[in-house]
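The values are calculated or read from the model by the stated rules, or taken from the named source; none is laboratory data. This structure is a prediction, so every number in the text was calculated from the model and none was measured. Note that we place each Cβ from the backbone using ideal geometry, even for glycine, and neighbour counts take in every protein chain shown. These accessible areas exclude ligands, DNA and RNA; they are computed on the full protein's heavy atoms, side chains included. Shrake-Rupley method; radii C 1.70, N 1.55, O 1.52, S 1.80 Å.
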Amino acid sequence: MEKIFVTRASLPPFEEYTKMLERIWDSAWLTNMGIYHEELEKLLNERLESENISLFTNGHLALEMLLEAFELKGEVITTPFSFASTTHAIVRKGLTPVFCDIKEDDYTIDVSKIEPLITKDTSAILAVHVYGNICDIAGLERICKKYGIKLIFDAAHAFYERCTPDLDDGGGRKSVAVYGDASMFSFHATKVFNTIEGGAACCREPGIKEKLDRLKNFGILDKENVVCAGGNAKMNEFQAAMGICNLKHIDEMIFLRKRIVERYIERLEGIKGIILNNYKNNIEYNYAYMPIRIERPAKNNEGISSRDMVYNALAQQGIYARKYFYPCINEYECYKKIYKNPATPAALKISQQIITLPVYPQLDMKIVDKICDIIIKVLD
Ligand SMILES: Cc1ncc(COP(=O)(O)O)c(C=O)c1O
């Protein structure tokens, strides 16, 4: 039985990549801001409408170094409905995460719940565009301006998306990378756009990019000057070459993903017990994920939730959906006793209902139909 996973890395035609390797062999320049690194930075600045992008060896280190570059202190407000990386970055930088609940509508931070969490120690909001669902940017910008705190987006899921800052889609959509003080993108193998491993930070101020460029390279300013205790998080030439190749195919990849997502919607819309992702008019999506919520109470008496029944039924057929994001980060063993924040009931509930279904450009429509048949049968 062919195993189907939730995602599958997008690769360019083999020859396109190997052709680029010749130049690496000729120059023997493998890393440290080589020619492909510079080219990819330029290309991404154009595509993301950003003037200040800095490439990284992965998204997580981009996020950690962003928090460092802003010299944040004290508390950072974030959501528990995300990948471990978001909160880990805050904690690993010696900051305290303060968990705010999410909206049931699109699983992003609930702006109406932020202000009571702000204290004299709050230095930033780290909001997540989870599944590519864009946060209420206008609402977040208003709060950050009022309290003089930074607004940073974990945009790991939102590469290449465009939107307006609020629901008003009166035209004028811009790249998500231009909003807030900075955004982090992940180019991990499983993402819409990959550089094998990789990531980037886009920032409003050129000074922050300069700091990031130092931080990711041991704090080195030039041959004789080291200006801060940086680490090592540089993107190498093989990663950058993969990025340049993959970027040529990004529009086609997103188009193919969209077809898959549309088929899921067509098949699952209106099925009792299923809540589909809420796609909004002001956002151009990248269709990175296919999250659905299974809302029905448990069908059997063994305490297995309907979500887990769907998950198990798919696994029995060799289809490995994921319970992204379960458990919530504030339920993790390493955090639940330390950070006693107000409860986050919406995040908790959604994490118990959510399941993300396989989506990748090459996914066969027959498999999509099979997945839908299995889900519908379980819920029948
Ligand atoms: C929401 C979120 N934030 C951060 C990351 C970290 O990115 P990376 O895997 O590139 O380090 C991920 C990665 O998968 C993610 O899903």
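Under 12 Å from the Cβ of ASP373, count the other residues' Cβ atoms, weight Lys and Arg +1, Asp and Glu -1, and hand me the total. Local net charge: +2. Summing Cβ point charges (Lys, Arg +1; Asp, Glu -1) relative to the Cα centre of the chain gives a dipole of roughly 900 debye.
Okay, helix-only estimate at 222 nm for the chain: each DSSP H run of n ≥ 4 adds -39500 (n - 2.57), divide by all residues, round to 500 deg cm²/dmol; what do you get? Result for the chain: -11000 deg cm²/dmol, rounded to the nearest 500. For the chain, what is the relative contact order in percent, using Cα pairs closer than 8 Å and at least 6 residues apart in sequence? With pairs under 8 Å counted, the relative contact order is 23 percent. DSSP beta bridges in the chain, what fraction antiparallel, as a percent rounded to 5? Taking every DSSP beta bridge within the chain, about 60 percent pair in antiparallel fashion. In order along the stretch 113-119, the Karplus-derived 3J(HN,Hα) couplings, from 6.51 cos²θ - 1.76 cosθ + 1.60 at θ = phi - 60°, round to 9, 7, 4, x, 8, 7, 10 Hz, and Gly and Pro are given as x.
The local environment of TYR17, defined by Cβ-Cβ distances under 15 Å, has a net charge of -2 under the rule Lys, Arg +1 and Asp, Glu -1. Please report the carbon-and-sulfur percent of the accessible area for the chain; probe 1.4 Å, protein heavy atoms only, DNA, RNA and ligands left out. Reported share for carbon and sulfur atoms: 52 percent.
Put +1 on the Cβ of every Lys and Arg and -1 on every Asp and Glu Cβ in the stretch 40-97; which of GLY74, LEU44, PHE56 then has its Cα farthest towards the positive end of the dipole? The listed residue farthest towards the positive side: GLY74. For the chain, leaving out every one of the trypsin sites (Lys or Arg not before Pro) that falls in a DSSP loop and has at most 12 other Cβ atoms within 10 Å, the longest unbroken run is 4-119. Coordinate range of the alpha-carbon atoms in the stretch 133-265 per principal axis, descending: 57, 43, 21 Å. Looking at the stretch 250-379, the accessible area is 49 square angstrom per residue; that uses a 1.4 Å probe and ignores ligands, DNA and RNA. According to the calculation over all Cα-Cα pairs in the stretch 250-379, the P(r) per 10 Å bin from zero is 11, 39, 32, 15, 2 %. What the pair-distance distribution of the chain shows, using all Cα-Cα distances binned every 20 Å from zero, is 28, 57, 15, 0 percent. With 29 Å as the limit on Cα-Cα distance, the pairs of LYS146/LYS209; LYS42/LYS73; LYS113/LYS337; LYS113/LYS234; LYS3/LYS280; LYS113/LYS174 that go past it are LYS42/LYS73; LYS113/LYS234; LYS3/LYS280. Around the amide H of GLY219, modelled in the peptide plane, lie the amide H atoms of GLY230, GLY231, all under 5 Å away and 5 or more residues distant in sequence or on another chain.
The stretch 243-295 and the stretch 31-55 have their alpha-carbon centroids 27 Å apart.
Taking θ as phi - 60° and the Karplus parameters 6.51, -1.76 and 1.60, the scalar couplings of the stretch 139-150 work out to x, 5, 4, 4, 5, 5, 5, 4, 9, x, 10, 7 Hz in sequence order, x denoting glycine and proline.
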